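Shown next, in structure tokens, is the structure this report addresses.
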Amino acid sequence: MLQIPTWKRIFIWAVVACGLILALPNAFYSRVEQANDARAAIEQSGATAALEEQAAGWPDFLPSGLVNLGLDLRGGAHLLAEVQVEDVYASRMDGIWPELRDALRDARDEVGTIRRVDEGGDQLIVALSDPAGLPRAMEIARGLARPVSTISGVGAQDLSVEGRDGQLIVQLSPEEQSATDDRTIRQSLEIIRRRVDEVGTREPTIQRQGEDRILIQVPGIGSAEELKALIGTTAQLTFNPVISRGGDPDAATSSRQVVYPLLDEPETYYTLERTPVVSGEDLVDAQPSFDQNGRPAVTFRFNPTGARAFGDYTAENIGSPFAIVLDEEVISAPVIQSHIPGGSGIITGNFTVEESTQLAVLLRAGALPAELTFLEERTIGPELGQDSIEAGQIACLVAFVAVLVFMALSYGLFGIFANIALLLNVALLFGLLSLIGATLTLPGIAGIVLTIGMAVDANVLVFERIREELKTARGPSRAISQGYERALSAIVDANITTFIIAAILFTLGSGPVRGFAVTLGLGIITSVFTAIFVTRLLIVTWFDRRRPKTIEV
Amino acid sequence: MRLKLVPDDTNIDFFKHAKATFGASCVAMVLSLVVWLMLGLNFGIDFRGGTTIRTEGTAQVDVAAYRAAIEPLELGDVVISEVFDPSFGDDRNVAMVRIQAQEGQESVASDTVAAVEAALSEVDPSITFPSVESVGPKVSGELINTALLAVGAALAAMLFYIWLRFEWQFAVGAVGALVHDILLTIGIFSLFQIRFDVATIAALLTVLGYSINDTVVIFDRLRENLIKWKQRELRDVMNLSVNETLSRTVMTSGTTLLALIALLVLGGDVIRGFVFAITWGVIVGTYSSVFVAKNIVLFLGVKRDWSKPDKTDGNQFANIDS
């Protein structure tokens, strides 16, 4: 009746042992962390004696997975950014325009003269001098469309073409828009990752959230402001021909011109051609350096395409100025002195050394395809996180001791069994959290404390049931087995309902709340396991050895 | 030598004062609703957008001086509250400054934060800002929807699960008790104007989980006893079930409350609101399992002829060891 097959005993102890070993690294948190960092550093940039020593701080054969500490415990910055995916539509339209213009000009006999009338938005609007040519113009525009290159958009074209009041309206088709959006987000993710990695911080979280949002969490960074400065700049570098210079911000005379202020003198405006000669996408390298006067500057190098375009343009326009534009501000507008063939150059301005270094980082990582809007930002100081950890540890300890004492007083020997199971339960919980690389947050600590309180519930249910069975059943052995059997349906129902709640929290929550849901959910699994397998095994083992005539629960 | 919170073989008539207890619950629910409607909830920035800045300085927090410093910036609704915690020494004075979401700004304005920080630094040069959090109105709107969805989904899931495992009367009774718990928790948050944010919703859901847990244990025993005592009055069988499980109810609530109170006192001020919601909910939830859920079931009546022939039916998980 009270037999547990040997394989089952071995299995239960094996699970417990696994959990303990997996949880072990967390007991030596800082040492394991150092060793892990050192190993990663050796992997990347070769071994040094100091690193070797640190890596040896934690033996290789032991698992080294740790529970990650959430931002609220470690300190750092959290940003939720929305990518303005529509930004890209306009530049796509600009890209199509030369091709469309040439195609329509070739058919001038049928469509008459053409003029682009939009303002650079997500629609390309072309006015025809001869409205009768509209059908033919639409046909030409449709001929430029290409199939959308995603699985979901099979069969669709990337452009949608309409005609209205003698005007040709071209825009991206809905399928192409969603494909473009997806590309934009992925590109943004990649660039943000590169920029964050450049400053070298541990375990940043950069992930897509929903349709068009990106969540960025960087532990250890001073403030959200710093992080924003690093990733929020689009760093769109372009070289545009200068048309004129003046003080009027509304000097543009056509949609093909833009007016940008000079970075150091906001009252000075340059009127530029909208289409750049070369853009930052053609950059292959950028380094901070100094100009001939010893002022901080950034040197850059173009790829062959960019170098050719830049070389051709400088050869043709000696003596006229061109503007170096960064994010809609003119950094400088030097006059071209001579043909620049090599594809490299230098950007000078009133930079400090930090600014030039930062600019070089941004240029090297590439420009963000679209602007970011920040919807949420949080900065948590490292001291606050440390305080929270300490408070959490003390609370855990006190809760633990209180529950252990309470259980031992209430159930005697059986209470001690339950207490052993409770200790194993928390160890298993940490083991599981380390195994899946979960993140421990402040509410997560609360989840653990709550688990400590609630985990004894399954045992209490069983013990109370055994007490009842003792009154009626024949002999203690039968009472124990009946107690377990009859309490089971209550345990299962009670824990499944709580687990459902944890699952809902996990699905709908984010950040710290999700961390709480994870510890709560895993805590339910480990507590049911320890209560119905581990304590039972303990009790049965004890019972087999002692064979008591009566038991007191 | 045993600690016994509940004597053996209790025979308390939990329906003796049914009118009073159930009536009190109803009154408490109505009062909670009234307080909620009259005072509203002290929503955190998660739900209304805006910025909170935590300040820490060696000088005493002078709320009036802080207010005067921030006033000229014309930021609209600014709430400044001092934070107390037993672990803070004399030279550690913490306050929270909350600034409403600024008109016409979707994203968060960093210069606003910088301006506030500069203004406060003038009042107290030793001041530091251990945490600054901003949430834009767009996200906060979504968070409200998600929170409502989460609570709704949890209630629906419980209704469905209990209905599946028991009978529909039990499901209604259990969910009735849950609504009671939610309302009373919201009521106390409204009454004392405790900050209500996403973490509070998480706490609320945890309370639901705990309360349903408690209710299910009693219902499980009730189901068993209904099969055992086919002829007894439903009311008596219910009393018997609650008495039989009373010791367990008190023990589990006891250990959970022990752990929670440790956390409430020692866990630091950052999660105090969260822990308070859970602690209060556990108390209310335990009460509602005993005094609300089964009263509703009694009121609805239960089909006594359990046509299921086998009593282990609905108990399929019981044979793990065979």
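All of the numbers you see were taken from the coordinates with simple rules; none came from a lab. As the structure is a computational prediction, the values presented were derived from the model and not from experiment. No Cβ is skipped: glycine too gets one built from the backbone with ideal geometry, and neighbour counts run over all protein chains shown.
The label point for A:Arg136 and the one for B:Asp8, both projected 7 Å from the Cα toward the Cβ, are 10.6 nm apart. Could you please state, rounded to a whole Å, how far the C-alpha centre of region A:226-242 is from the C-alpha centre of region B:42-98? About 35 Å separates the Cα centre of region A:226-242 from the one of region B:42-98. If you plug each phi of region A:211-219 into the Karplus form 6.51 cos²θ - 1.76 cosθ + 1.60 with θ = phi - 60°, what whole-Hz ³J(HN,Hα) values come out, in order, with x for Gly and Pro? So the J values, rounded to whole Hz, are 5, 9, 10, 10, 9, 10, 10, 10, x.
Ordering B:Met251, A:Met138 from the fewest to the most neighbouring beta carbons within 10 Å gives A:Met138, B:Met251. Loop exposure criterion: GluC sites (Glu not before Pro), DSSP state outside H, G, I, E and B, at most 14 other Cβ atoms within 10 Å. Applied to chain A, the longest stretch between such sites is A:329-551. Based on every Cα atom in region B:78-144, Rg and the maximum pairwise Cα distance Dmax equal 14.2, 41 Å. Taking a span of 30 Å or more along the helix axis (Cα atoms) and a mean Kyte-Doolittle hydropathy of at least 0.5 as the rule, the DSSP H helices of chain A that qualify are A:6-27, A:382-435, A:442-472, A:476-508.
Here's how it looks for A:Asp291: its modeled amide H is under 5 Å from those of A:Ala297, which are all 5 or more places away or on a different chain. Loop sites here are chymotrypsin sites (Phe, Trp or Tyr not before Pro) outside DSSP states H, G, I, E and B with no more than 12 other Cβ atoms within 10 Å. The longest part of chain B free of them is B:193-322. Under 5 Å from the amide H of B:Leu3 lie the amide H atoms of A:Ser410, each residue being 5 or more positions distant or on a separate chain, with H modelled from the backbone and absent for Pro and chain starts. First obtain the Kirkwood hydrodynamic radius of region A:208-330 from its Cα pairs, then insert it into the Stokes-Einstein equation at 10 °C and 1.306 mPa s, and state the resulting D in µm² per second as a whole number. Roughly 93 µm²/s, to the nearest whole number. For the pair region A:78-92 and region A:339-379, the centres of their Cα atoms are 18 angstrom apart. Show log10 I(q)/I(0) for chain B at q = 0.06, 0.10, 0.15 Å⁻¹, two decimals, from a solvent-free Debye sum over equal Cα scatterers. Debye curve over Cα of chain B, log10 I(q)/I(0) at q = 0.06, 0.10, 0.15 Å⁻¹: -0.30, -0.71, -1.20.
How about B:Lys4: which aspartates and glutamates have a C-alpha closer than 14 Å to its C-alpha, ignoring those fewer than 8 places off in the same chain? Partners found: A:Glu464, A:Glu552.
For region A:238-300, trypsin sites (Lys or Arg not before Pro) are listed when DSSP marks them as loop and at most 16 other Cβ atoms sit within 10 Å of their Cβ; the list is A:Arg256, A:Arg274. With the convex hull drawn over the C-alpha atoms of the protein assembly as shown, the volume per residue is 237 Å³. Along chain B, the exposed loop sites are GluC sites (Glu not before Pro) outside DSSP states H, G, I, E and B with at most 11 other Cβ atoms within 10 Å, and the longest stretch free of them is B:104-232.
Note on the protein assembly as shown: helix-only mean residue ellipticity at 222 nm, from DSSP H runs of 4+ residues weighted -39500 (n - 2.57) and normalised by residue number, equals -18500 deg cm²/dmol. Listed by chain and number, the lysines placed with their C-alpha closer than 28 angstrom to that of B:Lys230 are A:Lys471, B:Lys16, B:Lys19, B:Lys294, B:Lys303, B:Lys308, B:Lys311; residues fewer than eight positions away on the same chain are left out.
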